Amino acid sequence: MTKTQSNNDTQLRQWAMLRHIPQHPRQVSARELTERLRSEGFEISKRTVERDLVSSSAIFPLVSNERSIPYGWSWSKDAEAFALPTMSPLQALTLELAHDHLATLLPASLLDTLAPYFKCAEGVLSSGDGVKKLANWREKVAIVPSNQPLLPPNCAEDAIAAVHSALLSEQQLEINYTYREHSETKTYPVHPLGLVQRGAVTYLIVTMYDYADIRMLALHRITNAKVLDSPSKIPDGFNLAQYVNQGALGFEENGLIKLVVRLTSASAEHLWETPLSLDQEIEPDTSGWVRMQATVPDTAQLRWWLRGFGSEVEVLEPTAIREEFALLSASMNNIYHP
């Protein structure tokens, strides 16, 4: 560790310590301060805290109660209150993780506002050996997608900034949108309702013109966006969380169905711990197979999930989905065995 890192580490630790010292007549012991600093991510001993208290008392109006053991420390009763510019290692780690995983969902203007805090967090976590273990936490955790990872599409930064601004201010947007089916770009006035990230793609939830039906627009297909002066009209009772929970991100929900399937025992193993629904039931079937039934939304996402099991699943009910998979099986057989 360099001398600069050592000095930064000591300064951050002492600032954090001073924040935990109460005003007289309340007091705190060196042991209590050590426990609080450790809970914030500082690798520190009680002896080091005691040395910090003694050295800080030569600069700041700190007093110790030496009439009993352990000694109690406090700010002098006539000490003026002031704010200490500090960020604990735990707070710094939280900010770093938030930046890693939420950057695509946070408004661009908010990211710009938070930039000094992200920079401060980076500095705290690189300050020295006293926070090294906590700083290394990012190297000990990872998020692995449950499906095949895809590279995120390119998005127009100016358009994203306009979308974020309109959502924050609840203003209408005028967007240029290119549909996947053709290269023609159309211009629409939209009422933005929220952003939802699904895998590598982020969707803008909107209504268009004065229509009440809710639409999902892929953010990367918005080539240009302009915030309008008119306020956005939010449908009565609209709630983004409810909209998502109702299966909207399966792209189209056709109500609830009773799904009954046969699965190999190995394929069904994870369903004991992560069930499809609250009413899921699994019972033995033929050797090496189980029968599972659950009430689930009828969505395209459900079909993608079932297809992922390949030959280790047989759809029994509903009849319509069973017939879909029978046709799919025949089609695949014709591809591999023309």
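The values are calculated or read from the model by the stated rules, or taken from the named source; none is laboratory data. Everything numeric in this text was worked out from a predicted model, so none of it was measured. All Cβ positions, glycine included, derive from the backbone under ideal geometry; neighbour counts span all protein chains shown. Surface accessibility is based on the protein's heavy atoms, side chains included, excluding ligands, DNA and RNA. Shrake-Rupley method; radii C 1.70, N 1.55, O 1.52, S 1.80 Å.
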(Q) Checking the structure you have, find out if any residue of the stretch 25-41 is modelled with pLDDT under 80, within 31 Å of the chain's Cα centre (by Cα) and assigned to a loop (DSSP other than H, G, I, E, B). (A) yes
Q: From Leu12, Leu53, grab the single residue that is touching a helix residue (DSSP H, G or I) at 6+ places or on another chain (Cβ under 7 Å), open to solvent by less than 60 Å² (accessible area, probe 1.4 Å), at pLDDT 85 or above and not in a strand (DSSP E or B).
A: Leu53
Q: For residues that are over 15 Å from Ala266 (Cβ atoms), assigned to a helix (DSSP H, G or I) and of a type in the set (S, T, N, Q), tally how many sit in the stretch 287-328.
A: 2
(Q) For the stretch 196-212: of the residues being within 23 Å of Asn245 (Cα to Cα), open to solvent by 60 Å² or more (accessible area, probe 1.4 Å) and more than 19 Å from the chain's Cα centre (by Cα), which is modelled with the lowest pLDDT? (A) Ala212
Q | Whichever residue in the stretch 276-290 is surrounded by 10 or more Cβ atoms within 10 Å (Cβ to Cβ) and of a type in the set (D, E, K, R) and, among such residues, is farthest from Arg262 (Cα to Cα) | A | Asp279
Q. What residue, of Leu173, Leu193, is touching a residue at least 40 places away in the same chain (Cβ under 8 Å), within 28 Å of Gln301 (Cα to Cα) and either touching a Lys or Arg at 6+ places or on another chain (Cβ under 7 Å) or surrounded by 15 or more Cβ atoms within 10 Å (Cβ to Cβ) (or both)?
A. Leu193
**Q.** Failed condition for Ile335, given (1) under 26 Å from Val244 (Cα atoms); (2) open to solvent by 90 Å² or more (accessible area, probe 1.4 Å)
**A.** (1)
**Q.** Flag for Ala268 being without any contact (Cβ under 8 Å) to a residue 40 or more places away in the chain and either outside any loop (DSSP other than H, G, I, E, B) or touching a His at 6+ places or on another chain (Cβ under 8 Å) (or both)
**A.** yes
